[in-house]
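Coordinate-derived values only; no laboratory data. Computed from a predicted model, the values in this text were never measured in an experiment. Neighbour counts are summed over all protein chains in view; Cβ atoms, including those assigned to glycine, are modelled from backbone coordinates with ideal geometry.
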Amino acid sequence: MTVDPGVCTGVDGDASVIARSRDEPETFAVLFDRHADAVHRYLARRLGDEPADDLMAETFTTAFQQRYRYDPVRATGDSARPWLFGIATNLVGRHRRAEARRFKTLARLPAPADHEEPLADRAAARVGAQAVRRELAAALAALPARHRDVLLLVAWGGLGYEEVAHALGVPIGTVRSRLHRARGKLRDALGGSDPTTLREASDHD
């Protein structure tokens, strides 16, 4: 007989936690402990740390209020990440102008100057990385919001195509199409490169 690993370890999956929270609201805190850091990182990269604090809290407040509507059958796997990232992305949608201003501001930031000769090579690498970030910020600001959402859910949220489709409530073919167009526009703007294809380890749980 096959035994569910969750039974052996005593660790419930996200769907089970959400189901239990309908009768035991305090159980929902488990979901926050599991996913709050990842949601905050995603929001912070899009809007900055201070707005991210408020929107992360609002994301989980909204999720808690909507827990009765969570459908594990429609979910991708047992993780609630796509559902939570979808809520977070919808909240970002209310701050489109703020996000665009943030990217445009980042695009105008000067590269840091270095005055320590022994660290010249390291400084050059930092300046180069800063230049890429400026160009990337400008390119992201120029993307249509629907393309930017898909791109950043993949690149900064770490979601797969099916998860993004679930998060945004669109067909997976639409996700592929929007991502393809977004990456094409980034490559055009950045001279053939696309930094969003390189996911940093810190972006993952």
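Can you tell me how much longer the chain between ARG94 and ARG187 gets when fully stretched, taken as 0.36 nm per residue apart minus their C-alpha distance, in nm with one decimal?
Extra length from ARG94 to ARG187 when fully extended: 30.7 nm.
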Please work out how much length the chain gains when fully extended from ASP23 to GLU50, using 0.36 nm per residue of separation minus the C-alpha to C-alpha distance, in nm with one decimal. 6.4 nm
What's the exposure ranking of VAL175, VAL30, going from fewest to most Cβ atoms within 10 Å? VAL30, VAL175
